[in-house]
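What follows is calculated from the coordinates using simple rules that are stated; it is not laboratory data. The structure presented is a predicted model; accordingly, all values stated were derived computationally and were not measured. Note that we place each Cβ from the backbone using ideal geometry, even for glycine, and neighbour counts take in every protein chain shown.
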Amino acid sequence: MSILRRVAQAIPLLLIISILVFALLHAAPGGPLAIYLENPNVRPEDIERLKRSLGLDRSLPVQYMAWLRGFVTGDWGYSFADGRPVLTRMAERVPATLELIAASLIIAGVAAVPTGVLAAVRRRSMFDRAVTTLSLAGISLPIFWFGLLLQLLFAVSLGWLPSAGRTSMLGGDLADRLRHLVLPAIVLATVHAAVWARYLRSSMVTVLAQRFILAAHGKGVPPRAVFFRHALRNALLPFVTIVLLDAAIMVSGAVVTESVFAWPGLGGLFTEALARRDYTVLMAFLMVSSVTVIVLNLVADLSYRFLDPRVRA
């Protein structure tokens, strides 16, 4: 019943989000016809004809209801930029974004988990202080600047890795794709790895100070068993929730990274649509991002209930 209740709560939330986003997009200065309005060779009757063909001559409530009806039924409309179906354009970009997000999650997890755990075990040591300092630096790091810095170092100066794109013009094999994936994945993973390391360290410190850990030591349980079976397991429970929530945030956070590295994913499509005021593409991207956040929030909540018996009780 909790799942059905959460789904029922998500529907009006998505409806409110769609109304606000639709209104804000259409209230922004400019529009999909701005490029034609600035051209003195385009006649007013041509502008009116374009407005009728794109449905921009109708009132905003009518436009919104038409969009909502199409979005719910799977007809997401056509791009104002090239006339192609929005669903097709987004489907072409999804694999690249999923590839980048999956690689970033793996890199962030591999870097954060052992670092955060070791910092908690060696609390107040030089290693712990170094991890804390680097985590703060990673959280404060501007993604755009960091991406450009890595491009200058590893692509321009050293020539070890490509600076942009998903594949080379004459490449496309696994090795070539991995070389293109390294820099954007590291950039996207850095901030999340810093947050996760700090969060896991704090969680481990809290768990290690609990009475049941002291009781386990008092009963003669081997230190390795106390650490892995009791401390780490309990510290990872909230950590799983944070990872799932950040995975949803990465979909929208990838916009900057994909722009810096010309990565052909949903973030790049969003940037192009934003520059052209392509309302249909922008609405589809923002709604897909909202649905992803809500769904992964639900998954995080259910996973926490499944992993922690105290929550189920």
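Some notes on this structure:
- Charged-residue dipole, Cβ positions (Lys, Arg, Asp, Glu), the range 2-73 about Cα centre, Debye nearest 20: 420
- Relative intensity, log₁₀ I(q)/I(0), of the range 99-192 from a Debye sum that treats every alpha carbon as a point, q = 0.15, 0.20, 0.22 Å⁻¹: -0.68, -1.00, -1.10
- Here is the list for the range 1-109: GluC sites (Glu not before Pro) lying in DSSP coil, each with at most 10 other C-beta atoms within 10 angstrom of its C-beta, are E38.
- Degrees between helix 233-260 axis and first principal axis of the chain (Cα, 0 to 90, nearest 10): 30
- Over the chain: Rg over Rh, Cα atoms, Kirkwood Rh: 1.07
- Normalised per residue, the volume of the convex hull around the Cα set of the range 2-73 (Å³): 95
- Global form of the range 108-147, assessed from the alpha-carbon gyration tensor, a/c cut-off 1.5: oblate
- Positive-end residue of N39, W67, I16, charge dipole of the range 2-73 with Cβ unit charges: I16
- Whole-Hz ³J(HN,Hα) from phi, Karplus 6.51 cos²θ - 1.76 cosθ + 1.60, for the range 65-72, glycine and proline x: 5, 5, 5, 4, 4, x, 5, 5
- Charge dipole (the chain, unit charges on Cβ, about Cα centre) - positive-most of A209, S157, L302: A209
- Selection from V187, W145, L200 lying farthest towards where the dipole of the range 50-208 points positive, charges on Cβ: L200
- Tilt relative to the chain, helix 126-140 - C-alpha long axis, 0 to 90 degrees, to 10: 10
- Taking other C-beta atoms within 10 Å as the exposure proxy, S157, S289, S104, S135 rank S157, S289, S135, S104 from fewest upward.
- Crossing angle, helix 2-27 versus the chain [Cα axis fit, 0-90 degrees, rounded to tens]: 40
- Using only side-chain charges placed at the Cβ, +1 for Lys and Arg and -1 for Asp and Glu, the dipole size of the chain relative to its Cα centre rounds to 1640 debye.
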